[in-house]
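Chemist: Got a structure for you, written out below as structure tokens; questions coming shortly.
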Amino acid sequence: MDNFRNMALQNTSLLLIVLQICALAWQAWAQVDLRMEDTVEVYMDDSAEIPCLYTFTQAPMMVMVQWFVRERDGVRVRISYSDLTMQKVDENTTYSDRISVRSNSDGETLTIQDVKLSDEREFFCQVSGFSAGSDERRTLLKVFDPPEPPVIEGALSGVSVSGESTAKIASCETRDGYPKPNITWYRDHIPIHPANGLVNVVTLVTRESSGLYTVQSDLHYKVTKEDKDAHFSCEVSYFVPGAVRTSESKGVNITVYYPTSSVEMWKESPQGLVKEGDTVEIHCQGDGNPPAPIIFNREQSDVELDSYEGLLVLKEVSRMDSGVYECHALDLDAVNNDEVLDTLQLTVHYLDPAVVVPKDSEVMLKGESLTATCNALSSLETSTVWFKKGLEVGRGHIMQLQDATFDTAGRYDCEVTVPSLPGLLTSGSVHIIVQGAPQIKDAERDFELMEKVGAWVNLTCEVRGYPRPAITWSITGSQSQSWREVDKKETEDRIHSVVTLKVTTDTVAICNSTNDFGIETKIYNIKSIPFLQTPTARKTSVDNSGVIIVVIIVSILLLAILGSVFYFLYKKGKLLCGRSGKQEITKEKTNKDDIVVEMKAKKTEESVLLKGINGEKKPPNDQHPEIINGVLS
């Protein structure tokens with residue numbers, strides 16, 4: 001009996017072993033393939049989706065899926081559960097109101113709304129198919145929040161190159177980023193890397209209560225003179241889902257203090273060449289910062305010239321101001337202060353007053369030649385032009401006057417200029433006097449005039465000569481009291497005389513001009529022409545009644561005589577009918593002393609032309625300028 005019991009126990013144990021082996025074999029064959037992403041990245045405040053995909057090698061009777069999250073203390077907390085009969089979100093967790101689970105044919109997807117920084121943790125998906133197999137995977141949720149753009153601030157005060165160590169020259173800050181952003185420094189867009197004694201970067205990282213990071217970076221830098229024009233900037237690099245992005249600040253320039261190593265000197269004004277009388281401005285500037293005081297002096301002279309902030313003003317310069325000028329920078333930080341200087345050669349150009357030879361005036365005889373010169377001492381090449389009465393008569397320092405005439409006489413002005421420097425000008429003059437015998441204008445012509453008796457004529461005599469000639473008039477034929485000189489003009493070598501003459505008979509008028517060198521004459525031959533005069537043209541003092549009586553008597557006598565003549569001619573048969581009987585009497589030349597009167601009888605067709613007889617002459621104030629043409633009809 002006991003043996004049978006022992007056998008039975010042995011068989012039972014063997015069966016259990018067989019069953020276990022079968023179960024293990026079944027479990028090894030029945031498996032689940034579970035797949036999850038290692039990490040899921042998302043922006044803060046966005047929604048995150050964590051997929052959990054699975055497949056079974058043996059169709060399960062039932063599938064149960066559970067979601068867990070690891071808390072900060074390391075404890076796992078379930079947040080969701082689902083099976084064939086139900087799907088629910090666990091209550092009283094930090095995700096109860098922010099998650100949802102969506103099932104599909106190949107798995108589930110956990111969605112987290114309004115992701116916070118605190119959501120950056122591991123999420124677990126556990127799948128159980130019971131006899132069909134079970135498995136668990138996890139995904140790390142990573143949260144990102146880009147920081148604000150960097151803000152850079154340069155050193156408020158200047159930085160000296162003479163410092164023995166680095167100095168803080170700029171600070172850069174970026175705020176509210178996650179994960180922690182990084183700051184890199186640049187000089188003219190070239191990265192700056194820390195270097196012992198030259199570059200040091202001090203970074204301060206602050207974790208705000210919100211969990212975001214604020215990073216501040218200070219750049220400590222040993223500046224050199226070459227950094228005076230450099231621009232420093234900072235760049236923030238930060239992570240975003242699936243990438244790394246950067247944001248660069250504006251550039252800042254640092255005020256760098258450095259000693260003066262050289263100075264530059266230049267002439268500001270006037271532009272171009274300098275002439276006497278100009279105001280000259282000379283500037284001098286050093287390359288140090290801050291600018292060192294500047295002093296001026298002349299070469300080989302220790303006398304300091306008056307200047308202001310690197311400006312030397314020389315007023316109304318002369319040739320004595322020509323020379324070499326120096327400027328020095330008084331910079332105590334300069335390595336070789338005595339050698340920090342520059343020089344400028346100043347040349348003041350000049351033009352002395354013109355010297356004319358012959359000086360002032362020169363007397364020469366007609367026909368002679370003369371050489372005149374005009375020169376002016378100058379530091380530059382000059383040009384000379386000669387003028388007479390404003391008109392150019394020659395160019396060059398020498399003027400030749402050949403075969404002098406009275407027209408040669410006069411004032412000659414020379415003007416000396418410097419073509420390369422407008423504004424330099426001087427002038428001089430010489431007065432040329434030409435001596436010679438009188439020369440009467442139109443003396444070579446014979447002047448034949450025909451004038452009416454009683455007419456007044458003007459005779460002109462214009463003479464040139466030096467010494468100035470004297471003029472005398474000689475009148476023959478007319479009465480001496482019948483002429484007088486009415487105009488006389490005199491210059492240095494010219495005289496102009498006008499006489500008026502009343503013609504009474506044929507007259508010869510002679511203009512005689514004389515000086516120390518000779519005599520010349522001009523002759524006028526005047527032919528007198530008698531003029532016509534009628535009684536009615538005179539002005540009488542007889543009263544009107546007497547005139548009327550005389551006219552009536554003369555008219556009656558004339559009518560009687562005229563009637564007798566016509567009767568006589570009629571009897572002789574010599575009276576020509578059809579003849580107009582009219583004759584026009586004219587003169588080619590008339591003057592104010594000719595008087596022609598037409599007298600007509602009212603009852604006859606005859607006219608009598610009367611003229612003055614017995615050589616009767618009217619005085620000038622009794623003559624009439626009118627001309628009346630008489631007609632015989």
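Chemist: Tell me which of these G323 doesn't satisfy, since it passes every other one: (1) at positive phi; (2) under 32 Å from the mean Cα position of the chain (by Cα); (3) not hydroxyl-bearing (S, T, Y).
Modeler: (2)
Chemist: Pick out the one residue from W473, W483 that is farther than 20 Å from D442 by Cα and surrounded by 14 or more Cβ atoms within 10 Å (Cβ to Cβ).
Modeler: When all the criteria are applied, what remains is W483.
Chemist: Which one is nearest to A329 (Cα to Cα) among residues in segment 277-313 that are of a type in the set (D, E, K, R) and touching a residue at least 40 places away in the same chain (Cβ under 8 Å)?
Modeler: Looking at the filtered set, the residue picked out is E299.
Chemist: Taking the stated definitions as given, is T347 open to solvent by 30 Å² or more (accessible area, probe 1.4 Å), touching a residue at least 24 places away in the same chain (Cβ under 8 Å) and touching a strand residue (DSSP E or B) at 6+ places or on another chain (Cβ under 6 Å)?
Modeler: Here the answer is no, as T347 does not meet what is asked.
Chemist: Among what's in segment 299-314 and is open to solvent by less than 70 Å² (accessible area, probe 1.4 Å) and part of a strand (DSSP E or B), pick the residue that is nearest to K225 (Cα to Cα).
Modeler: L311
Chemist: So which of K250, K275, K267 is more than 30 Å from S160 (Cα to Cα) and either surrounded by fewer than 19 Cβ atoms within 10 Å (Cβ to Cβ) or of a type in the set (S, T, N, Q) (or both)?
Modeler: Residue meeting the stated conditions: K267.
Chemist: So which residues in segment 456-502 are in a loop (DSSP other than H, G, I, E, B), in contact with a Ser or Thr (Cβ under 9 Å, 6 or more places away or on another chain) and farther than 11 Å from Y524 by Cβ, if there are any at all?
Modeler: R468, P469, S478, Q479
Chemist: D413 passes all but one of (1) open to solvent by less than 40 Å² (accessible area, probe 1.4 Å); (2) part of a strand (DSSP E or B); which number fails?
Modeler: The one condition D413 does not meet is (1).
Chemist: Check whether at least one residue in segment 20-33 is in contact with a Pro (Cβ under 7 Å, 6 or more places away or on another chain), surrounded by 16 or more Cβ atoms within 10 Å (Cβ to Cβ) and either modelled with pLDDT of 90 or more or among the β-branched types (V, I, T) (or both), and report yes or no.
Modeler: No; the residues of segment 20-33 include none that is in contact with a Pro (Cβ under 7 Å, 6 or more places away or on another chain), surrounded by 16 or more Cβ atoms within 10 Å (Cβ to Cβ) and either modelled with pLDDT of 90 or more or among the β-branched types (V, I, T) (or both).
Chemist: Take segment 153-174 and flag every residue that is open to solvent by less than 30 Å² (accessible area, probe 1.4 Å) and within 15 Å of L204 (Cβ to Cβ).
Modeler: If the condition is that a residue be open to solvent by less than 30 Å² (accessible area, probe 1.4 Å) and within 15 Å of L204 (Cβ to Cβ), then A170, S171, C172, T174 are the ones that fit.
Chemist: Also, I was wondering about something else. Go through (1) farther than 19 Å from K366 by Cβ; (2) within 60 Å of the chain's Cα centre (by Cα); (3) of a type in the set (S, T, Y) for Y524 and report which single condition fails.
Modeler: The single condition Y524 does not satisfy is (2).
Chemist: From (1) more than 30 Å from K366 (Cα to Cα); (2) open to solvent by 80 Å² or more (accessible area, probe 1.4 Å), pick out the condition that doesn't hold for E492.
Modeler: Status for E492: all satisfied but (1).
Chemist: Oh, and also: Scanning segment 416-459 for residues that are touching a Leu at 6+ places or on another chain (Cβ under 6 Å) and of a type in the set (S, T, N, Q), which turns out most open to solvent (accessible area, probe 1.4 Å)?
Modeler: S420
Chemist: Of everything in segment 120-129 that's surrounded by 16 or more Cβ atoms within 10 Å (Cβ to Cβ) and under 25 Å from D46 (Cβ atoms), which residue is farthest from the chain's Cα centre (by Cα)?
Modeler: C125
Chemist: Right, here's the next one. Which residues, taken from segment 78-119, are in a loop (DSSP other than H, G, I, E, B) and open to solvent by 50 Å² or more (accessible area, probe 1.4 Å)?
Modeler: Passing the criteria: L84, T85, M86, E91, N92, T94, D97, S105, D106, Q113, D114, K116.
Chemist: So, one more: Any chance segment 286-293 includes a residue that's within 35 Å of the chain's Cα centre (by Cα) and under 19 Å from L424 (Cα atoms)?
Modeler: No, segment 286-293 has no match at all.
Chemist: Still on this structure: Quick check on this structure: which one of D287, D352, D333, D342 is surrounded by 11 or more Cβ atoms within 10 Å (Cβ to Cβ) and either among the aliphatic types (A, V, I, L, M) or under 26 Å from S420 (Cβ atoms) (or both)?
Modeler: From the options D287, D352, D333, D342, the qualifying one is D352.
Chemist: Among the residues in segment 377-388, are any of a type in the set (F, W, Y) and within 35 Å of the chain's Cα centre (by Cα)?
Modeler: No, segment 377-388 contains no residue that is of a type in the set (F, W, Y) and within 35 Å of the chain's Cα centre (by Cα).
Chemist: Can we say K359 is in contact (Cβ under 8 Å) with a residue 60 or more places away in the chain, touching a Ser or Thr at 6+ places or on another chain (Cβ under 9 Å) and either open to solvent by 20 Å² or more (accessible area, probe 1.4 Å) or under 30 Å from P467 (Cβ atoms) (or both)?
Modeler: no
Chemist: Now a separate question. So, in segment 175-204, exactly how many residues are under 12 Å from P147 (Cβ atoms) and open to solvent by 50 Å² or more (accessible area, probe 1.4 Å)?
Modeler: Residues in segment 175-204 being under 12 Å from P147 (Cβ atoms) and open to solvent by 50 Å² or more (accessible area, probe 1.4 Å): 3 in total.
Chemist: What do you reckon, is T373 surrounded by 14 or more Cβ atoms within 10 Å (Cβ to Cβ), modelled with pLDDT of 95 or more, of a type in the set (S, T, Y) and closer than 18 Å to E276 by Cβ?
Modeler: Here the answer is no, as T373 does not meet what is asked.
Chemist: Still on this structure: Considering only residues that are among the β-branched types (V, I, T) and open to solvent by less than 30 Å² (accessible area, probe 1.4 Å), which ones fall in segment 230-247?
Modeler: Correct list: V236, V240.
Chemist: If P530 passes every condition in (1) closer than 13 Å to M450 by Cα; (2) at pLDDT below 90; (3) open to solvent by less than 50 Å² (accessible area, probe 1.4 Å) but one, which one does it miss?
Modeler: Checking P530 against (1) closer than 13 Å to M450 by Cα; (2) at pLDDT below 90; (3) open to solvent by less than 50 Å² (accessible area, probe 1.4 Å), the one that fails is (3).
Chemist: Looking at segment 465-488, can you tell me whether even one residue there is touching a Phe, Trp or Tyr at 6+ places or on another chain (Cβ under 6 Å) and not β-branched (V, I, T)?
Modeler: For segment 465-488, residues touching a Phe, Trp or Tyr at 6+ places or on another chain (Cβ under 6 Å) and not β-branched (V, I, T): absent.
Chemist: Go through segment 247-276 and report how many residues are part of a loop (DSSP other than H, G, I, E, B) and more than 27 Å from the chain's Cα centre (by Cα).
Modeler: Residues in segment 247-276 being part of a loop (DSSP other than H, G, I, E, B) and more than 27 Å from the chain's Cα centre (by Cα): 10 in total.
Chemist: While we're looking at this one, here's another question. Just to verify a result, which residue in segment 205-229, among those that are assigned to a loop (DSSP other than H, G, I, E, B) and buried (at least 18 other Cβ atoms within 10 Å of the Cβ), is nearest to the chain's Cα centre (by Cα)?
Modeler: For segment 205-229, the residue satisfying everything is V223.
The values are calculated or read from the model by the stated rules, or taken from the named source; none is laboratory data. Keep in mind that what you see is a predicted model, and the values were worked out from it rather than measured. As a convention, Cβ positions derive from the backbone with ideal geometry for all residues, glycine included, and neighbour counts pool all protein chains shown. Each accessible area value is taken on the protein alone, full model and side chains, heavy atoms only, with ligands, DNA and RNA left out. Shrake-Rupley method; radii C 1.70, N 1.55, O 1.52, S 1.80 Å.
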